[in-house]
Every structure is written in C-alpha cells, then in structure tokens.
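The block underneath contains the structure these notes are about, expressed in structure tokens.
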Amino acid sequence: SIADCLILDFAGCIDEHGPIDLLGGERTTMAVCGKCRESFSRAIRICPICNSNEAEVLHNQRFELSEKHVLPNNYDVVACTKCGFVYADTKATQKDYDRFYKDLSKYEDTSIASGTGCNVLDAKRISRATSDIAKYVPDKNKSILDIGCANGGLLIELKRNGYKNVVGLDPSPACIDYVQNEHQIEAHLGSLFGADHLFSDQHFDIVILSHVLEHIVDIQMAYEKALSLLSKSGQIYVEVPDASRYSDYYVVPYFYFDCEHINHFDLGALSNLALKYGLDKVTENQIEIIASDTNVYPALYAIYQKNQQSDQQAPIYNSHARESVFEYIKLSEKRDEWPLLEDLVSSQEEIIVWGAGSFAHRMLQSSPLSKCNITAFIDNDSNKQGKMLHGVPIRSSDILKETNAAILVCSALHSNEIANEIKTMGVDNNIFELKKGNVNVSQL
C-alpha cells in the first residue's frame, strides 16, 4: 500500500506516492515507491559500515574553501539503504584526509583547538571522558593508546589521574612535539593506518578513538587497524557526535555538515560495527558536550571488548540517524534566511568577516555573503592566517588597528565570545552577528 513507503514519514506527500519497491539487502526491510526511488543513487563512496553502494541522497552540501585546501568543495549527504548509516558521499580519499590533518590541522594551535584542555569547557569535556574511562578501566597500570591525540589533552588528564602507561599517536608534527616536549608523554607521529607497523611489537589494553571516526573515509580499515593493536581481551573506547539528535540540537543551518565530519553515527551504527567485528558491549551512552556559553553538542561514547569467541554478524538496519538528519535538513532549509546580508549586499558597505571556518565556508557558497564587500577575514587559527579565502586575505585581529570597517561575526558556536573579545580590544568598529539561522545585529 501507499502507506508502506518508507519516505512517507519524512516527505509528507501521500498523494504523490505510488507502487512499492524494495531496496537494500539481506536483513533490510526498506520499501519505497517509484517516485521516491528517484532520490536513490549509486554512491561514489561505499557505505563505511556495510559496503553497500546504494544510498538515498538527503542533501547536497557545498563550500567555498581557502587556498591550498586539499578536500572537495561539495558532497552529497546520503543514507545507506542497507544499514541506514548516514555519511558524506565524498570523492576524497583517505590520503587526502591524512594530508589535510598533517599539513592544515586546526588542532595544532593550543590557544583555540579542542582536545587540548586549555580552555574551561574543553577541560570539562576531557575530565568527563577520563571519568567515564576510569569507571570501566580502574586499573591504572593498563596501557592506553590515544589515536588522534592532537595536543594530548586526554593523555595529560589520564596521567594526572594516575594512569602510568599512556601513549599518543597523531599525524601532526606540531601536536606530537607539544605532547612530548611540553608534557613529557610518549607520542608518535603517524596515521592510524600505519599504526600496526609503528607498534608492530606492542599491544595495548585500551585504544581510544575520541572524535576520530567521524573524520575517517575507510572506517572498516580503521577499526581493523585499531583492533589489531589491542591485547587479547583489550577494550576500545569510541566517542563521536550523535547524529540521532542533530534535529534536537539545532545551531545554524547545516552546521553538522562540513569538510571534516563525513560520518554521522548513532548508537545503532556503533553497535553494527561491534557486531561486524565480534566485539562485546561494555557500555553505550548518549552524552552532551558544552561547546560554548550558548551551545550544547550531542555526542555518544561506547566501550567494546575484544572477544576471541564471538562470531561476526551482519549489520542490522537502523533509521534513527536518517530520520534526525532529514528533520535537521528541513529545519535548516526553513531557517536559511539572511536579511542583513541582503542589506549589506545592497549597500556594499566594507566589512571584515571574523571567522574563516566551516560556517563561513558554507555561507560563502549558499548565502548572500559571497556578494558582500568583504575586505578581509579574521581568524584566531594561526594555520589559516596568511591564506586567501574568497579572494581576500585571512588575517589576525591586529588588522582592526588599521581599519574602521564593520565587523561581521561569522561563527556558529563562539559568536558571543568573539563579540566580547572585540569589546575588550577597545575598537569602535560596528559589530554584526550571524546567529541561529537569523541575523541579530549588535552594535557595541
């Protein structure tokens, strides 16, 4: 019947639905009508969970990127028809991402990057993760490897809490230098995909993948590499954003789609990975991360244990993330209106955009921002400074000593903090904020 069409719940177009067709593979019960079948396609990138290449296109995301950026400027957000996993159908390879995190890592700058523990909110997140690990790994003599350790915030906190055998791995030379020289913690330069060679004669009781898997093209190979580093009864700790709650934690339009986050997990997806590799569940939990003074970020963590006796199982279809992402896309479409930008386009008033990150990348491609009279971008990330975006330079905030141009704050999470930072600088430039999918104008 028409009501059997899976898309019906999301599209809301009952009269347009027709005869039902079945999609997917074994253990999948996905039904769609002929009209909605047009939304499905063969993916460029196979599903990272189940290897199917048939997917439903949910959204096309485009970016305008800075010079020397190695990642693609667009991709489709898709949902696998076999297991339901939501991911970016990007043409980028794992080598592209390895190069990006080696040469252009935003995590190198300890003053702004997450994972360092250098600001109060990040320190709280790291403290919470350490406490969660300690609940299930009370033995302080256990050996721990943090893959993608960045500037070592979690390693530092684990060491502070008495864990004696902690090791880091990261592709950024600057991050490794910082961990080794500033905190005297063993750390190695390299990618997860070469870790089995780097640690060929060593196994760990715990391997940590904290906010790593959402950045990985080949999740299955990553998991296999990580598991090969575990002792026979070792445990893997995984923490990722929670896509099943994107629609409940709206920030700005399309916030959760950027160049770096190409996999959108929920507990079902993590459970499917555990089934695939015969892992036993120790715990699975949904959490909230306080990302700024006004924003909370949905995440989840899970701990699984290696079990030599467990059989591998096929993925089970799960639509929770797909439903939330679909609702989030609809909410983004509804709120994607920028009247102040239209006024700035009309007036051609000179503006400096504070923020050259993902929000700006999206806005330059999909909003009137690209037609504004932008004379420069400001960003506190030292890795971005000196590069060009939209044909204009990315500078430090020192540029405000040279100009009275209006400042447009373009930050999804930290607009309040930036506005306060500008206020302490003693400049008299007009300040505008882009926030929450609408425009709030603040003149300090």
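The values are calculated or read from the model by the stated rules, or taken from the named source; none is laboratory data. Keep in mind the model is a prediction, meaning the values are calculated, not measured. Using ideal geometry, Cβ is built from the backbone for each residue, glycine included, and neighbour counts are taken over all protein chains shown.
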Restricting the search to the range 116-135, which residues are of a type in the set (S, T, N, Q) and either at pLDDT 95 or above or surrounded by fewer than 20 Cβ atoms within 10 Å (Cβ to Cβ) (or both)? ASN119, SER127, THR130, SER131
Residue under question is SER244, and the condition is that it be among the hydroxyl-bearing types (Ser, Thr, Tyr), within 23 Å of SER131 (Cβ to Cβ) and within 18 Å of the chain's Cα centre (by Cα); does it hold? no
Within the range 166-184, track down each residue that is within 15 Å of GLY148 (Cβ to Cβ) and not acidic (Asp, Glu). VAL166, VAL167, GLY168, LEU169, PRO171, SER172, PRO173, ALA174, CYS175, ILE176, TYR178, VAL179
Check whether at least one residue in the range 329-350 is over 22 Å from PRO253 (Cβ atoms) and in contact (Cβ under 8 Å) with a residue 40 or more places away in the chain, and report yes or no. yes
When (1) in contact with a Cys (Cβ under 6 Å, 6 or more places away or on another chain); (2) surrounded by fewer than 23 Cβ atoms within 10 Å (Cβ to Cβ); (3) touching a residue at least 60 places away in the same chain (Cβ under 8 Å); (4) of a type outside the set (A, V, I, L, M) are applied to CYS83, the one that fails is (2)
Residues of the range 154-175 satisfying the condition of being modelled with pLDDT under 95 and in a helix (DSSP H, G or I): PRO173, ALA174, CYS175
Only listed residue being crowded, with 23+ Cβ neighbours inside 10 Å, touching a residue at least 12 places away in the same chain (Cβ under 8 Å) and either among the hydroxyl-bearing types (Ser, Thr, Tyr) or out of contact with any helix residue (DSSP H, G or I) (no Cβ under 7 Å at 6 or more places or on another chain) (or both), chosen from TYR246, TYR250: TYR246
Across the range 193-221, which residue is farthest from LEU154 (Cα to Cα) among those that are small (Gly, Ala, Ser) and in a helix (DSSP H, G or I)? GLY194
Out of SER231, SER191, SER143, SER131, report the one residue that is without any contact (Cβ under 8 Å) to a residue 12 or more places away in the chain and either farther than 23 Å from PHE100 by Cβ or touching a Pro at 6+ places or on another chain (Cβ under 6 Å) (or both). SER131
Quick test for you: out of GLU224, GLU182, pick the one residue that is over 23 Å from the mean Cα position of the chain (by Cα) and assigned to a helix (DSSP H, G or I). GLU182
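Just the residues that are among the acidic types (Asp, Glu), out of contact with any Pro (no Cβ under 7 Å at 6 or more places or on another chain) and part of a loop (DSSP other than H, G, I, E, B), please, taken from the range 308-338.
So in the range 308-338, the residues among the acidic types (Asp, Glu) come out as 311, 323, 327, 333, 336-337.
Of the ones still in play, those that are also out of contact with any Pro (no Cβ under 7 Å at 6 or more places or on another chain) are 311, 323, 327, 333, 337.
Those that are among the acidic types (Asp, Glu), out of contact with any Pro (no Cβ under 7 Å at 6 or more places or on another chain) and part of a loop (DSSP other than H, G, I, E, B): ASP311, GLU337.
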3 or more residues assigned by TED's automatic domain parsing to the domain that holds VAL353 and among the hydrophobic types (A, V, I, L, M, F, W, C): qualifying strands (runs of 3 or more DSSP E) within the range 368-409: 373-378, 406-409
